[in-house]
Amino acid sequence: MHEIVRKEFSGYYSGLRAEDLEVPDMPQREFAFLQFGGEVMIRHMKFLDPSSLKEYIVENTPAHIYHSSAYYKMPEATDMSEKGWLGADLVFDVDSDHIRTKCKERHDRWRCMECGRDGTGFPPESCPNCGMKKIDTRTWICEDCLEAAKKEVINIIDEYLVPDFGVSGSDFEVFFSGHRGYHIHVRGQTFRMLSGDGRREIADYVRGIGLDIRSHGFRETKNGILIGPDMKDGGWRGRVARAVYEFVNRASLEDLKEAVAPSVAKSLFENKEKFLKSIASDPPYWGGLKGYTLESLEKLAIASIKDLICNIDERVTIDSKRLIRCPNSLHGKSGLRTLRVDYSGIDNFDPLKEAVAFRQGSIRIYVKESPRVRIGDEELGPLKDKTLEVPLALGLYLICRGAAEPR
Amino acid sequence: MSLMLTKEDLAKYPFLKQSAAYVESMQLDLGDLAAEEYSGILRKALTRIKDSIDRNIRPVDLSDPESEIISYPLSLALVYGSKSNWLINRFATIEAKRVEEELRSEPGDKILEIAKSGFSWDIEPANLKLEWEELSFSIPLQPYLEAASGFNDPHWKLINRYVKGGRVFLNTGSLARLISEGFKVKIIRRASERELHNFRIPDALAPYLDEILGYAQENMQFDEELPKGLVSDARPPCIVAIMEDVKAGKSLSHMARFALTTFMVNVGESVDEVLKLFGNVADFDEGKARYQIEHIAGLIGSRTKYKPPKCDVLRSFGLCVGMDEFCRDAKHPLNYYRRKLKRMSGSGGKTGARDRKKGV
């Protein structure tokens, strides 16, 4: 990495107030660092307070700074089994890379490393040409991706954490990661001691994995009457009922045909009003349509919940010993800050503006290739093979992304 | 108002705080129990262990609750003293099943009392009337997840529960099941605690431990020995599906490769046999694959033989292709394989025979 980036990072950290690096229960956390150009993580560090952490950072200027989601008796022990695990925050990682947004067609590219086939947009799981899974990607972020990630964060919190898991506003914090998305840290006692298995259940819960609608009250009685949950019910029980209501309400005949057999879709579409009225009645009634069975209901439910399930990187949530970015540290691949977001104001939060760390100065760069990019109020691109003077934050961003070089 | 738990209850539910307190109040030394005057208790303890080995679920004898109460810690000491994980697991499983049966005839308020005394679970009565069932209790997420992680039926997955405000709502039967599972986990977890590592049964009881071990031997061998080499018909559906992908030459995800390799290695296939399996895969690199398989088999590197991932993990990675009747009782692909093999050999057909060549 270029010396200029290191120098600017160093300047940023020197000017930072030590308390901005505060992490709850600091002495029980492991800290880890990745140096510029380094491949090996410096791990098992312990800091008793933010000032000693700041001192270390200013002296060494790492490219990435992490702390453990876990609390340890001895965070400095090098053997994981000797650390003495005392619990961990529950973390949700929402990464715009995992969300299929339309804007990816504009700024993302992939290439099969085997046969050379390439394309734009969300990368395929395996190459459509040769079937291999070695796909190289060149991904960028834009306002639309980050907006989609933000919506996901709101969905996790408002739809799951608060109503179902009983998490209160003081128990969680939201961070912009400094690059592609957001992290939600849930603290407090509810989840702290959860094992990996328990965390997996939480991840599966928000991802809609393993949902069995029969467990949620959908039944066929002996005389063939379909009964089911009430939209007012808690947890997934009511969620499924509401999702089916909303889905059927706005579905076209085609949408329904994609979900259930054509004849059922037709009857459902023609009797939409009646169906919606009876599933919203008290008690709800889920049957009464010709050819409509528990199986069709199951298919309908699966189609309905698609927009409700959360795109998270489940590995992060399941891991009870994850390393996560420190608040107010810089992301070495963007030069942006990992920033705490006030959840009550998240709707108006503009990460590409508020996480800018370098607000003054400019830099002359040579841009190899870049899609349209915005950092702060400055926009650039798409452009290729060009040398120009840009605001420092934008220049560092392109350099950190590997798309530009200082000139 | 707290319900009075009787001596009979203490005998039935040995995990209650009051049961432990009762035993403590007797101030007995483990070695003393070999004495003639306690022979009745010793006999009860031995029967209790042998019953578990035979999978015999028998309600406790309420004609003499005192000796029943004391026989439990004695049988537990013998089981821990055996240092056999197989026996510890078997004893815990059967004791838990017995408790579940006993709980079935208890009224709801007593079950609540038992759950509160036996575990530090913050259970609350609830009054949630749904369409066709009544959820009478709620329990916080953490203890629920801890106790229910042992269950494989999809019904127990958190996503399939009534969850609200950080609590999981349960009917009486589910709470009883959760208590018995909590009891089982308690027995098993205790065995790995440090103080038990150096635990040795007093000399006076040693002959009885030998008696137990001799009794258990036959069953242990039957449970732990697998035929060497893959028995195709006993494969779980997830492994069958991965093998079909391999056969079709599809490229596999890392987790699918890992699951298949660990499974094959654990059912006793050789590195060469496993290599042959992958021969069809498009991005196959024999040298690299051999190295990885040898690593997984524990032949090189850390010398740890890796086990396949649990069903939960496979499910999260989208490798579970749906359940069959054996899946319902298994939470691990090897567990499935073992059970199915047992069933196949039990049915007396020829299907139990080895068929290595047909495996792929």
- prompt: Taking θ as phi - 60°, what are the ³J(HN,Hα) couplings along the range A:282-293 by the Karplus curve (6.51, -1.76, 1.60), each to the nearest whole Hz, with x for Gly and Pro?
  reply: 10, x, x, 10, 9, x, x, 9, 5, x, 9, 10
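Rg to Rh for the range A:295-366: what is it, with Cα atoms only and Rh by Kirkwood? Provide the component values of the computation, followed by the final result.
Details: Rg = 19.4 Å, Rh = 16.5 Å.
That ratio is 1.18, to two decimals.
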query: Given a Förster distance of 25 angstrom, what is the FRET efficiency for B:T47 paired with B:H155, based on the Cβ-Cβ distance and rounded to 0.05?
result: 0.15
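About its Cα centre, how strong a charge dipole does chain A have in debye, to the nearest 20, once Lys and Arg get +1 and Asp and Glu get -1 at the Cβ? Before the final figure, lay out each step's value.
Working: 60 positive and 64 negative charges, 163 e Å.
For this selection, approximately 780 debye.
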- line: chain A, Gaussian network, Cα under 10 Å: of A:K272, A:K150, A:K134, the residue fluctuating most is A:K134
- request: Only residues of the range A:13-29 count here: report those whose backbone N is under 16 Å from the spot 7 Å along Cα→Cβ of A:V58, or say none.
  value: A:13-22
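I'd like the mean, over residues of B:271-277, of how many other protein chain beta carbons sit within 10 Å of each residue's own Cβ.
Details: counts 0, 0, 0, 0, 0, 0, 0.
The per-residue average across the peptide is 0.
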query: When B:H254, A:H44 are ordered from fewest to most other Cβ atoms inside 10 Å of their Cβ, what list results?
result: B:H254, A:H44
message: As I understand it, the value is the acute angle between the Cα axis of helix B:65-81 and the longest principal axis of the Cα atoms of chain B; what does it come to in degrees, rounded to 10?
response: 30
- prompt: If you bin the C-alpha pair distances of the protein assembly as shown every 20 Å from 0, what whole percents do you get?
  reply: 13, 39, 37, 10, 1
- prompt: DSSP loop trypsin sites (Lys or Arg not before Pro) in the range A:330-368 with at most 13 other Cβ atoms within 10 Å of their Cβ, which ones?
  reply: A:R359
Taking B:E24, A:E270 and counting other C-beta atoms within 10 Å, the order from fewest to most: B:E24, A:E270
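How would you rank A:S267, A:S344, going from fewest to most other Cβ atoms within 10 Å of each one's own Cβ? It would help to have the intermediate numbers written out before the result.
Values: A:S267 19, A:S344 7.
If I rank by nearby Cβ atoms, fewest first, I get A:S344, A:S267.
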message: Over the range A:362-406, what portion of Cα pair distances is larger than 12 Å, expressed as a whole percent?
response: 51
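Per residue of B:160-172, count partner chain C-beta atoms within 10 Å of its C-beta, then hand back the mean as an integer.
Numbers: counts 11, 9, 11, 10, 9, 8, 12, 4, 2, 3, 0, 0, 0.
The mean count of partner-chain Cβ atoms within 10 Å per residue comes to 6.
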Förster radius 30 Å - calculated FRET efficiency between B:L62 and B:W132 (Cβ-Cβ, nearest 0.05): 0.30
query: What residue among A:L86, A:H107, A:M74 has its Cα farthest toward the positive end of the dipole of the range A:71-112, where the charges are +1 on Lys, Arg and -1 on Asp, Glu, each on the Cβ?
result: A:H107
message: Just to confirm my numbers, what's the Cα centroid distance between the range A:334-381 and the range A:1-18 in Å?
response: 17
- request: Answer rounded, prolate or oblate for the range A:275-407, using the Cα gyration tensor with square roots of eigenvalues a ≥ b ≥ c: rounded when a/c is under 1.5, else prolate when a/b is larger than b/c, else oblate.
  value: prolate
query: For the range A:309-407, with only Lys/Arg (+1) and Asp/Glu (-1) charged at the beta-carbon, what is the dipole magnitude about the Cα centre, in debye rounded to 20?
result: 380
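Assigning unit charges at the beta carbon (Lys, Arg +1; Asp, Glu -1) and nothing else, what dipole magnitude in debye, to the nearest 20, does the range B:46-147 show about its Cα centre?
Details: 12 positive and 19 negative charges, 123 e Å.
In total the dipole reaches around 580 debye.
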message: Please compute the volume of the convex hull spanned by the alpha-carbon atoms of the range A:127-277 and report it per residue in Å³.
response: 225
- prompt: Based on Cα positions only, what radius of gyration and what Dmax would you give for chain B, in angstroms?
  reply: 23.8, 73
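What does the helix-only formula give at 222 nm for chain A: each DSSP H stretch with n ≥ 4 adding -39500 (n - 2.57), the total divided by the residues, and the result rounded to the nearest 500 deg cm²/dmol? Display every interim value, and only then the final one.
Working: 15 runs with 130 residues, N = 407.
Helix-only estimate at 222 nm: -9000 deg cm²/dmol.
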Phi to ³J(HN,Hα) by Karplus 6.51 cos²θ - 1.76 cosθ + 1.60 over the range B:180-195, Hz, x for Gly, Pro: 5, 5, x, 5, 4, 4, 4, 4, 5, 5, 4, 5, 8, 6, 4, 4
- line: The set of residues whose placed amide H lies less than 5 Å from the amide H of A:S362, leaving out same-chain residues fewer than 5 positions away, is A:L392
- line: Of the candidates A:I141, A:L161, A:M193, the farthest towards the positive dipole end of the range A:107-213 (Lys/Arg Cβ +1, Asp/Glu Cβ -1, centred on the Cα centre) is A:I141
- prompt: Kirkwood hydrodynamic radius of the range B:105-183 from all distinct Cα pairs, in Å?
  reply: 12.5
message: Let's test the formula: R0 of 35 Å, r as the Cβ-Cβ distance of A:K386 and A:K7. What FRET efficiency results, to the nearest 0.05?
response: 0.90
Amide N of the range A:200-226 lying under 13 Å from the label point, which is placed 7 angstrom from the Cα of A:Y285 along Cα→Cβ: A:225-226
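Grab the Cα-Cα distance for B:K250 and B:S105, subtract it from 0.36 nm times how many residues apart they are, and report the gain in nm with one decimal. Let's see the in-between values first.
Working: separation 145, 0.36 × 145 = 52.20 nm, distance 5.39 nm.
Working it through step by step, the gained length comes to 46.8 nm.
Hey, what D do you get for the range A:213-307 in µm²/s if you plug the Kirkwood alpha-carbon radius into Stokes-Einstein at 25 °C and 0.890 mPa s?
189
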query: Can you tell me the Rg and the Dmax, both Å, for the Cα atoms in chain A?
result: 24.8, 80
field: Shielding by partners - mean other protein chain Cβ count within 10 Å, residues of A:160-170
entry: 3
Cα lying deepest toward the dipole's positive end in the range A:226-336, options A:S320, A:A251, A:T293, charges on Cβ: A:S320
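Find out how many positive minus negative residues lie around B:G165, taking Lys and Arg as positive, Asp and Glu as negative, among other residues whose Cβ is under 15 Å from that of B:G165.
Numbers: positive: A:K232, A:R237, A:R239, B:R161, B:K164, B:R167; negative: A:D158, A:E159, A:D164, A:D171, A:D233, B:D122, B:E124.
Computed value for this residue: -1.
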query: Which Cys in chain A stand alone, with every other cysteine's Cβ at 4.7 Å or more from theirs?
result: A:C103, A:C142, A:C145, A:C310, A:C326, A:C400
field: Residue-by-residue Karplus 3J(HN,Hα) for the range B:248-264, coefficients 6.51, -1.76, 1.60, Hz, glycine and proline x
entry: 7, x, 6, 7, 9, 6, 4, 5, 5, 4, 4, 4, 5, 4, 4, 4, 4
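The numbers here are math on the coordinates, done by the rules we state, and not lab data. Worth saying up front: this structure is predicted, and the values here are computed from it rather than measured. No Cβ is skipped: glycine too gets one built from the backbone with ideal geometry, and neighbour counts run over all protein chains shown.
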